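*Asks:* Dropping the structure in here first, questions after.
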Amino acid sequence: RARQTPGYINAFRRLYLNVWTEGASRWLDMRKWDACGSTVVDPRQLRGRACRAGLDLSTTTDLSALVLVFPDDDGGYTVLPFAFCPEDSIRERSRRDKVDYMLWRDQGFLIATEGNTVDHGAIRRKILDLALHYDIEELAFDRWNASMLISQLIEDGLTCVPVGQGAGSLNA
């Protein structure tokens, strides 16, 4: 069971082998993750391709995430992620989370929006810019705090589909 279910590995090690582990469970087998390699995605090579987008908004303490998922001919997917956080909280966030958000911002992995809350207008502009380059067939979104931005995106012509984030929505 532990070989097939990453979430069971630490429980197996702790309960059957008496080996201390840092976390109670893992959701991903890191050996499988490492086997994927380190392919760098060139966004220019994806231009014009159909994709689906996922959006999870935040306001102050969490990151907002926008992810484009492109189906590949081999049955796999190419993922193009974007993360947003308020510029004014980057230093405090780095200290609290023990993560170098400033480096991620400087390297282009994190989009810092002006002010002390995530600017949903900046996220809207990013989505509309991406829609000029990629064929976004639909945008799946978490309903929390999204009504105003989603209304605007629908007016902009995007197809938006709510996706609940609870156990009732994300199960088999």
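*Asks:* Filter the stretch 51-66 down to residues that are within 21 Å of MET148 (Cβ to Cβ) and either open to solvent by 30 Å² or more (accessible area, probe 1.4 Å) or assigned to a loop (DSSP other than H, G, I, E, B) (or both), then give me how many there are.
*Replies:* 9
*Asks:* Going by what's in this entry, would ARG96 be described as open to solvent by 60 Å² or more (accessible area, probe 1.4 Å) and free of Cβ contacts under 8 Å to residues at least 12 places away in the same chain?
*Replies:* yes
*Asks:* Within the stretch 134-159, can you find the residues that are under 18 Å from ARG49 (Cβ atoms) and of a type in the set (S, T, N, Q)?
*Replies:* Within the stretch 134-159, just THR159 meets the criteria.
*Asks:* Which pairs turn up if I take residues in the stretch 57-83 that are without any contact (Cβ under 8 Å) to a residue 24 or more places away in the chain and look for partners that are loosely packed, with under 13 Cβ neighbours inside 10 Å and in a strand (DSSP E or B) with beta carbon separation below 8 Å, at least 6 apart in sequence or on another chain?
*Replies:* Going by the 8 Å Cβ cut-off, the qualifying pairs are ALA65/PRO81; VAL67/VAL79; VAL67/PRO81; VAL69/TYR77; VAL69/VAL79; PRO71/ALA50; PRO71/TYR77.
*Asks:* Can we say GLY164 is farther than 24 Å from PRO43 by Cα, assigned to a loop (DSSP other than H, G, I, E, B) and either touching a His at 6+ places or on another chain (Cβ under 6 Å) or open to solvent by less than 20 Å² (accessible area, probe 1.4 Å) (or both)?
*Replies:* Against the criterion (farther than 24 Å from PRO43 by Cα, assigned to a loop (DSSP other than H, G, I, E, B) and either touching a His at 6+ places or on another chain (Cβ under 6 Å) or open to solvent by less than 20 Å² (accessible area, probe 1.4 Å) (or both)), GLY164 qualifies.
*Asks:* Pick from the stretch 105-129 the residues that are in contact with a helix residue (DSSP H, G or I) (Cβ under 9 Å, 6 or more places away or on another chain) and in a helix (DSSP H, G or I): which of them is nearest to THR59 (Cα to Cα)?
*Replies:* So, considering only residues that are in contact with a helix residue (DSSP H, G or I) (Cβ under 9 Å, 6 or more places away or on another chain) and in a helix (DSSP H, G or I), the one nearest to THR59 (Cα to Cα) is HIS120.
*Asks:* Mind counting the residues in the stretch 130-148 that are over 16 Å from GLY164 (Cβ atoms), open to solvent by 60 Å² or more (accessible area, probe 1.4 Å) and either touching a Leu at 6+ places or on another chain (Cβ under 9 Å) or not in a helix (DSSP H, G or I) (or both)?
*Replies:* The qualifying residues number 2.
The values are calculated or read from the model by the stated rules, or taken from the named source; none is laboratory data. Bear in mind that the values here come from a model prediction, so they are computed numbers and not experimental data. Cβ sites come from the backbone with ideal geometry, for glycine too, and all protein chains shown count toward neighbours. Keep in mind that these areas ignore ligands, DNA and RNA; they rest on the heavy atoms of the full protein, side chains included. Shrake-Rupley method; radii C 1.70, N 1.55, O 1.52, S 1.80 Å.
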